[in-house]
Amino acid sequence: MSISRTRLARPRAPARGMTLIELVFAIVIISVGVAGVLQVYNNTVRNSGDPLVNKQMLAIAEGMLEEVALKPYAIVASTGTAIGCSRSTFNDIWDYNNYATSSVICDVDGNAIATLGGYSMSVSVQTDSSTFSAVGVSAAARITVTVRYGSRSLSLVSWRTNFAS
């Protein structure tokens, strides 16, 4: 009876560790995955201030639009001229036409609001009698407030009618 040599050989121990090629592949795969995660993280961090800027622009535009819309429609004799960005002498909506600030937002008294530096604003008030003619309104004004910050821009539009006449 003959015994085969393969039966007499000691069983091989299981391989431990990784070969150099497996290690290189693992490093490449992990590097690609980490690069993708870092790219997503970079985009998130870079754009994280956008909602704040948009919210600030919207708040500035809404505040100015409300200020203009609350003034009388009819032209009221002016009490003086605006100095700087002060609006304290504006007493009807037409005084706001072509009002603009550059890289500063001011309160109604003309005091610059330091935390809003870099924002610019412009106001346009135009006669618009055709929009509401179907409902019998003959006098209306279109109020447009535009706020800018860097390359971003936001415009709000409202109409004011002469409901008192």
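The values are calculated or read from the model by the stated rules, or taken from the named source; none is laboratory data. Everything quoted here is computed from the prediction, not taken from an experiment. Virtual Cβ from ideal backbone geometry, glycine too; neighbours counted across all protein chains shown.
Quick one: is Asp50 under 22 Å from the mean Cα position of the chain (by Cα) and modelled with pLDDT under 90? In short, yes. Of all residues in region 67-78, those that are free of Cβ contacts under 8 Å to residues at least 40 places away in the same chain have Cβ atoms under 6 Å from Cβ atoms of residues that are among the aliphatic types (A, V, I, L, M) and outside any loop (DSSP other than H, G, I, E, B), 6 or more apart or on another chain, in Lys71/Ile93. Restricting attention to region 99-118, the residues that are surrounded by 12 or more Cβ atoms within 10 Å (Cβ to Cβ) and of a type in the set (Ser, Thr, Tyr) add up to 3.
Scan region 58-71 and give yes if some residue there is of a type outside the set (S, T, N, Q), modelled with pLDDT of 85 or more and part of a loop (DSSP other than H, G, I, E, B), otherwise no. Give the steps one after another, and end with the answer.
Restricting attention to region 58-71, the residues satisfying the condition of being of a type outside the set (S, T, N, Q) are 58-71.
With the extra rule that they be modelled with pLDDT of 85 or more, the set shrinks to 58-71.
Still in the list and also part of a loop (DSSP other than H, G, I, E, B): 70-71.
The answer is yes, given that some residue of region 58-71 is of a type outside the set (S, T, N, Q), modelled with pLDDT of 85 or more and part of a loop (DSSP other than H, G, I, E, B).
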